[in-house]
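Report on one structure; see the data block that follows.
What follows is calculated from the coordinates using simple rules that are stated; it is not laboratory data. Since the structure is predicted, the reported quantities are computational estimates derived from the model, not experimental observations. Cβ placement follows ideal geometry from the backbone for every residue including glycine, while neighbour counts extend to all protein chains displayed.
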Amino acid sequence: MRGALMALVASWLGCATTRLETVTPDELERRLALAAREEAPAVVFGAVWRDGRTILRAAGRADLGDAREAAAATPFAWFSLTKLFTAAAVMQLVESGRVDLDAPVARYLPEVRLSRDGREATVRHLLSHASGLPDPIPITWIHLASEPGPGLDPLVRERMGTAPELKFEPGAKSSYSNLGYLLLGQVIERVSGERYEEYVGRHVLAPLGCRAASFGVPGDRATGYQRKWSLMGIAARWMLNDRFFDGTVDGYLALRPFTVDGAPYGGLGGPVGDLLRFARAILSGGVGEQGRILEEPTVRAMLSPFVDGSGRPTGLGLGWHLGQEGGEPFAYHLGGGGGFRSELRIYPGLGYAVAVLANETSFPTGQLTRLVVR
């Protein structure tokens, strides 16, 4: 699988402007400590090789109020990394013949019409952010952990209606949209007959051996923070109700425990180790610790660039974003908002993956996900 994935991804990607950096565990710890002093209250790093070798490190405070130290087992909100698990769930249904990637979305959601210039958006378009759906800022799409959230059907009706105006003809290009992943969550529910969260828990998380990842907010989750006088901090105070804030500590706004409206685009969270279990399964052709989640050809397809209407490959696969570091292809996704930042990167050619979690909205994860620890 290594050679095939390298050739597949590398053939469509341009030159990189940065390079991977090999560091020792001691140097990694030094950098994490520095980042936890200057850029976020806490930073957690995890890396895994295809053969199972794992490195876990943490620095800083999971909560500034009670001075709780961060650990590798500390849960964080993953936000948009959830899209990778949603995409995997959809591709399971494709493998079983219950979903056709190139069927119009309306086949599975007959009340929704996604079309422009006579062309309908397909499931593949949703997965590759090529449907033409807009991407409204989701900063207010949250509720306190103590409150019930909206169901997917009423949420979609509220956020986009049944016939949203598309920004471009489906398939013409790719443009990121959280709305598309809300619709994919609905597709999973309609086709499987299970609630989205239940399906992902049973068919994705369980075979991976992810015992701590969940759509809830555990009591030991890190507290989310936003720098009070940053642009994001000012915007958050302007757009969000005061009930979401829990005072200021050391120049950071503390956010009360919350989760997003609409789990499929950003509702998962957990410790870094569970992200590494998912990453290792992808590196291993779809085999998780407790069972296979995807077939190897499906994994290759997910890491293949979507080709736009002009025949040009984009930097998006099926759920994954694609990039390079110093000529080394990688697949990745970022997650962030509301006091947390995350990134997962997979380097297929190296048989290596890295994940970074931080409890500050704008933490620059790329400074750590480009490290190879030896």
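The table for this structure:
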read-out	value
Inter-label distance, nm, simple model (7 Å from Cα along the C-beta direction), Ala145/Trp229	3.1 nm
Neighbour net charge for Val307 - beta-carbon separation under 11 angstrom, K R +1, D E -1	+2
Gain on full stretching of the segment that runs from Arg98 to Thr54 - 0.36 nm per residue minus C-alpha separation	12.3 nm
The chain, helix-only ellipticity at 222 nm - DSSP H runs n ≥ 4, -39,500 (n - 2.57), divided by all residues, nearest 500	-8000 deg cm²/dmol
Ascending count of other beta-carbon atoms within 10 Å, so fewest first, for Leu303, Leu182	Leu303, Leu182
Unit charges at the beta carbon, dipole of region 2-373: most positive-side option, Tyr181, Leu144, Phe244	Tyr181
Sorted peptide list for 93-105, 73-85, 251-263, criterion being average Cβ within 10 angstrom, highest first	73-85, 251-263, 93-105
For region 213-223, 3J(HN,Hα) per residue [Karplus equation, 6.51 cos²θ - 1.76 cosθ + 1.60, θ = phi - 60°, Hz, x = Gly/Pro]	5, 7, 8, x, 10, x, x, 9, 5, 4, 7
Within region 99-164, GluC sites (Glu not before Pro) in DSSP loop having at most 14 other beta-carbon neighbours inside 10 Å	Glu111
Under-5 Å amide H pairs with Phe330, H placed in peptide plane, nonlocal only	Gly323, Gln324, Glu325
Around His129: net Lys/Arg minus Asp/Glu count, Cβ-Cβ under 12 Å	+2
Whole-Hz ³J(HN,Hα) from phi, Karplus 6.51 cos²θ - 1.76 cosθ + 1.60, for region 304-321, glycine and proline x	8, x, 6, 9, 7, x, 9, x, 9, x, 9, x, 10, x, 8, x, 9, 9
Two-site FRET efficiency, Thr248 against Arg157, from Cβ-Cβ distance with R₀ of 51 Å, rounded to 0.05	0.85
Order of Val112, Val299, Val217, Val272 under a 10 Å beta carbon neighbour criterion, fewest first	Val217, Val112, Val299, Val272
Assigned charges on the beta-carbon of Lys, Arg, Asp, Glu; the chain dipole about Cα centre (debye)	440 debye
